[in-house]
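Remarks on the structure that follows.
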Amino acid sequence: MAKPVSVDVWNPNGKYRVVSTKPMPGTRWINLLIEQDCRLEICTQKKTILSVEEIIALIGDRCDGVIGQLTEDWGETLFAALSRAGGKAFSNMAVGYNNVDVEAANKYGIAVGNTPGVLTETTAELAAALSLAAARRIVEADGFMRAGLYDGWLPNLFVGNLLKGQTVGVIGAGRIGSAYARMMVEGFKMNLIYFDLYQSTRLEKFVTAYGQFLKANGEQPVTWKRASSMDEVLVEADLISLHPVLDKTTYHLVNKERLSKMKKEAILINCSRGPVVDEVALVEHLRENPMFRVGLDVFEDEPYMKPGLADMKNAVVVPHIASASKWTREGMATLAALNVLGKIKQYPIWHDPNKVEPFLDENSPPPAACPSIVNAKALNLPVSKL
Ligand SMILES: NC(=O)C1=CN([C@@H]2O[C@H](COP(=O)(O)OP(=O)(O)OC[C@H]3O[C@@H](n4cnc5c(N)ncnc54)[C@H](O)[C@@H]3O)[C@@H](O)[C@H]2O)C=CC1
Ligand SMILES: O=C(O)C(=O)CO
């Protein structure tokens with residue numbers, strides 16, 4: 001028998017039992033659930049990553065839906081437990097769902113929600129922040145100041161890379177990758193090269209229009225190119241940012257061989273998922289190429305870093321905070337709760353998971369729909385006509 005897991009209970013007499021494996025930011029998500037007759041149990045266990053056994057204990061004998069986290073292993077075992085407890089809904093509080101075995105969820109008829117529509121700009125902004133921090137050696141310079149080592153301006157002190165006029169490479173130009181590309185092109189007048197399985201027409205049009213604007217104002221126009229292979233991006237770009245989903249095809253997408261194709265003074269940013277980069281190969285590459293820099297928000301074995309990474313001065317590392325703005329995190333909590341609530345109430349699926357403003361408006365009740373269910377088609381769930 002698993003040990004009991006501590007919870008805070010809201011609306012104890014609610015008809016539907018919903019479990020959240022973590023406290024989440026804001027209170028709107030709590031109010032939306034309890035106003036709709038849910039008994040909400042929020043896990044308060046002082047442990048960051050819950051085990052499968054602990055989540056099974058939280059699910060218990062009767063549970064209608066669970067709001068979970070990207071750190072949890074939502075596979076066959078958990079979906080079987082949720083199904084036994086009568087559950088029909090699970091939502092990740094994340095847009096990525098590589099921690100979820102969607103096939104297993106399909107087998108038990110459980111809807112899997114995620115939270116696009118509120119993370120894109122926040123995550124792209126962190127990728128931009130890491131790009132600047134790495135290019136201008138901000139973390140190294142900050143450490144130098146705090147250590148009392150600054151004894152006057154010097155021509156060679158912390159010389160870094162100028163972004164203007166250089167080439168930014170984006171691998172995975174979906175929602176976040178495109179937003180990041182736009183920021184770097186518009187903000188720093190960088191040229192763009194991108195690789196994705198699909199063409200990003202909107203992004204291309206944006207860069208063309210901005211280039212025309214610059215030209216009309218007597219400035220060097222920015223340019224774009226859709227690369228026919230990922231290697232083309234690696235060879236040509238000065239700054240490369242990774243934004244693909246993590247799946248079997250993107251595991252170790254950046255490996256030793258690919259690192260060796262990049263410019264010696266290139267900058268690599270990863271705000272997607274840690275296993276997209278072979279981190280052992282990366283540490284070796286950083287050691288052998290001191291002018292090569294990285295900005296990492298995600299790691300192969302979170303919460304750990306591969307040996308040696310923490311000692312590398314040419315690495316900027318932050319703890320998976322790319323979506324950590326108040327607005328985004330509260331929005332994620334609201335969307336995850338509404339995915340679960342919507343399925344419990346048998347609401348249809350929202351027609352566009354990227355256009356979620358009506359769910360976020362604090363002054364009116366949310367639409368009677370599930371904002372984003374990734375296996376809606378597989379489960380044959382109806383789409384909202386709203
Ligand atoms: N660090 C963080 O806190 C955050 C990380 N993420 C990660 O970012 C990922 C991307 O998010 P979105 O932009 O919203 O997803 P998205 O689905 O809009 O974009 C992903 C893009 O990757 C492309 N892609 C897939 N396989 C590829 C390959 N082999 N090579 C090149 N491109 C490939 C897809 O065609 C798609 O355009 C999420 O799946 C998640 O893992 C998302 C939010 C926050
Ligand atoms: O949404 C995601 O995929 C995250 O990584 C959380 O920020």
Q: Report P(r) for segment 85-169: all Cα-Cα distances, bin width 10 Å, range 0 to the bin holding the largest distance, values in whole percent.
A: 13, 26, 19, 17, 14, 8, 2
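Can you pull the Kirkwood radius for segment 137-215, inverse mean 1/r over Cα pairs, to one decimal in Å?
Averaging 1/r across every pair of different Cα atoms and inverting gives 14.9 Å.
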Q. Which value in deg cm²/dmol, rounded to the nearest 500, describes the helix-derived mean residue ellipticity at 222 nm for the chain, given -39,500 (n - 2.57) per DSSP H run of n ≥ 4 and division by the residue count?
A. -10000 deg cm²/dmol
**Q.** Debye log10 I(q)/I(0) at q = 0.16, 0.17, 0.19 Å⁻¹ for segment 103-248, Cα point scatterers
**A.** -0.91, -0.97, -1.11
(Q) Please compute the contact order of the chain in relative form: average sequence separation of alpha-carbon pairs under 8 Å and at least six residues apart, divided by the residue count, as a percent. (A) 17
Q) N255 to K385: extension gain in nm, 0.36 nm per residue of separation minus the Cα-Cα distance? A) 42.3 nm
Q: Please quote Rg/Rh for segment 265-307 to two decimal places, taking the Kirkwood radius as Rh and restricting both calculations to Cα atoms.
A: 0.94
Q: Write down the radius of gyration of segment 174-242 and its Dmax, each obtained from C-alpha positions, in Å.
A: 11.7, 35
**Q.** GNM top mover of G143, G211, G86 - the chain, alpha-carbon springs below 10 Å
**A.** G143
Q | Crossing angle, helix 175-188 versus the chain [Cα axis fit, 0-90 degrees, rounded to tens] | A | 30
Q. Helix 326-344 versus the longest principal axis of the chain: what is the Cα-based angle in degrees, 0 to 90, to the nearest 10?
A. 40
(Q) Averaged across orientations, what area in nm² does the convex hull of the alpha carbons in segment 310-356 project? (A) 5.2
Q: Over the chain, with every protein chain in place, what whole percent of the accessible area is carbon and sulfur at 1.4 Å, could you tell me?
A: 55
Q.
Considering all alpha-carbon pairs of segment 13-112, what whole percent are spaced by more than 15 angstrom?
A. 58
(Q) So if I take the alpha carbon set of segment 205-294, get Rg, then get Rh from the Kirkwood formula, what is the Rg over Rh ratio? (A) 1.07
**Q.** Top positive-direction residue, dipole computed over the chain with Cβ charges, set N217, P4, A181
**A.** N217
Q: Please provide three numbers in whole Å: the alpha-carbon extents of the chain along the principal axes, with the largest listed first.
A: 69, 47, 38
Q | GNM flexibility winner over the chain from V280, V356, V317 (Cα, springs under 10 Å) | A | V280
Q.
Which of Y194, Y304, Y210 ends up with the largest GNM mean-square fluctuation for the chain, with Cα atoms connected below 10 Å?
A. Y304
Q. Roughly how tilted is helix 279-288, in degrees to the nearest 10 and between 0 and 90, from the longest Cα axis of the chain?
A. 20
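The values are calculated or read from the model by the stated rules, or taken from the named source; none is laboratory data. Since this is a predicted model, take the numbers as computed values, not measurements. Methodologically, a virtual Cβ is constructed for each residue, glycine included, from the backbone with ideal geometry; neighbour enumeration extends over all protein chains shown. Protein only, heavy atoms only, side chains kept; ligands, DNA and RNA dropped before computing areas. Shrake-Rupley method; radii C 1.70, N 1.55, O 1.52, S 1.80 Å.
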